[in-house]
């Protein structure tokens, strides 16, 4: 009998969410029938994932997006719901969904720069047992066995994600040895966040197959070594096509006014990374600058040269951030600004304002 395998993937209830999964085998389904609405709801033991007590342990899995993995094998991203069909308290995606109509209307684009360390027995590759390699300097975008590790894993991850309709726009070795980055881009807000979570899942799975692990904590190696972030680049149609310096300055003011709210949701232990060193601004301070990678917000130099039209980079999110939380906060702050600030380039009201 021919079968199809669906691996249901969800986020657990820990402060820093972990990815969980289990496989459902079903009788053969034609490829054209493999769409979200045709997949069954499932359940799991929430008492084992910090999402329910043992006395009432069932939580529901609602499929929300499907990714092809191998032949007749699919990754199914799910939201967690209570048994009455309401959104579970740990379901951060549901909070982002409430803003999707406005996000889609304003045509937001997202680019997440996911940094991570490849480790073996909890030690980054290239770090000797009980010691340190040569200081940072040659590793960034390096080549050669003395400068990079695990390139094969990185390239397999890139190829696999592209085959799953996850648009990784690039990858590179990062500042510390054993550290890498990939860039995940989408023109759809929910898909951008879904893709980042599933791309992480794929990376963990591929590392597992070669007996390695992935560390996305903000500061895996203490001392004079770069931490790992998830720099978040974003724009909407107005920013790309209208913009204007006055509008961008008002947006930056809004981001500054909500800095504490963003920091709280940008990843556990982010204070170990946001120290004001190693290409970061201190977490207690907000700053922005053109082409400034030591600022909270980097304005690319092309934006200034292009009459203040384009995108900005939020450099505050840690590598272990939840992109649903990051995108929600950015949308709340930016949309609030859009709905109240008039364009410098015209007397018209900002987009979305009726």
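The values are calculated or read from the model by the stated rules, or taken from the named source; none is laboratory data. Here the structure is a predicted model, which is why all the values come from computation and not from measurement. Reconstructed Cβ throughout: ideal geometry from the backbone, glycine too, with neighbour counts over all protein chains shown.
Before moving on, here are some points about what is shown:
- Unique match (being touching a strand residue (DSSP E or B) at 6+ places or on another chain (Cβ under 6 Å), in the same structural domain as residue 279 (by TED's automatic domain parsing) and in a loop (DSSP other than H, G, I, E, B)) among 170, 137, 130, 142: 142
- Meets criteria (outside the structural domain of residue 231 (by TED's automatic domain parsing), crowded, with 18+ Cβ neighbours inside 10 Å and under 19 Å from the mean Cα position of the chain (by Cα)) for residue 118: no
- The lone exception for residue 212 - which of (1) within 23 Å of residue 279 (Cα to Cα); (2) in contact with a strand residue (DSSP E or B) (Cβ under 7 Å, 6 or more places away or on another chain) it fails: (1)
- Failed item, numbered, when residue 42 is tested on (1) loosely packed, with under 12 Cβ neighbours inside 10 Å; (2) more than 22 Å from residue 200 (Cα to Cα); (3) modelled with pLDDT of 95 or more: (1)
- Of all residues in segment 217-235, those satisfying the criterion of being touching a helix residue (DSSP H, G or I) at 6+ places or on another chain (Cβ under 7 Å) and within 21 Å of residue 185 (Cα to Cα) are 232, 234.
- Selection of segment 11-35 for residues being exposed (fewer than 13 other Cβ atoms within 10 Å of the Cβ) and either in contact (Cβ under 8 Å) with a residue 40 or more places away in the chain or more than 22 Å from residue 196 (Cα to Cα) (or both) yields 15, 25, 26, 27, 28, 30, 31, 32, 33.
- Of the candidates 162, 196, the single residue that is assigned to a helix (DSSP H, G or I) and farther than 30 Å from residue 333 by Cβ is 162.
- Residue 291 meets the conditions (1) on the phi > 0 side of the Ramachandran plot; (2) touching a residue at least 12 places away in the same chain (Cβ under 8 Å) in every case but one. The failed one is (2).
- Of the criteria (1) part of a helix (DSSP H, G or I); (2) out of contact with any helix residue (DSSP H, G or I) (no Cβ under 9 Å at 6 or more places or on another chain); (3) buried (at least 20 other Cβ atoms within 10 Å of the Cβ), which one residue 260 fails: (3)
- Failed condition for residue 254, given (1) surrounded by 15 or more Cβ atoms within 10 Å (Cβ to Cβ); (2) not in a helix (DSSP H, G or I): (2)
- Members of segment 41-83 that are more than 22 Å from residue 321 (Cα to Cα), in a loop (DSSP other than H, G, I, E, B) and touching a strand residue (DSSP E or B) at 6+ places or on another chain (Cβ under 9 Å): 41, 52, 57, 72, 82, 83
- Against the test of being surrounded by fewer than 19 Cβ atoms within 10 Å (Cβ to Cβ) and modelled with pLDDT of 95 or more, the options 315, 240, 328, 298 yield a single qualifying residue, 240.
- Segment 281-295 - residue that is surrounded by 13 or more Cβ atoms within 10 Å (Cβ to Cβ) and in contact with a helix residue (DSSP H, G or I) (Cβ under 7 Å, 6 or more places away or on another chain) and, of those, farthest from residue 266 (Cα to Cα): 290
- Residue check, residue 37 over 24 Å from residue 267 (Cα atoms) and part of a strand (DSSP E or B): no
- Qualifying residue in segment 332-343 (condition: in the same structural domain as residue 226 (by TED's automatic domain parsing), part of a loop (DSSP other than H, G, I, E, B) and modelled with pLDDT of 95 or more): no
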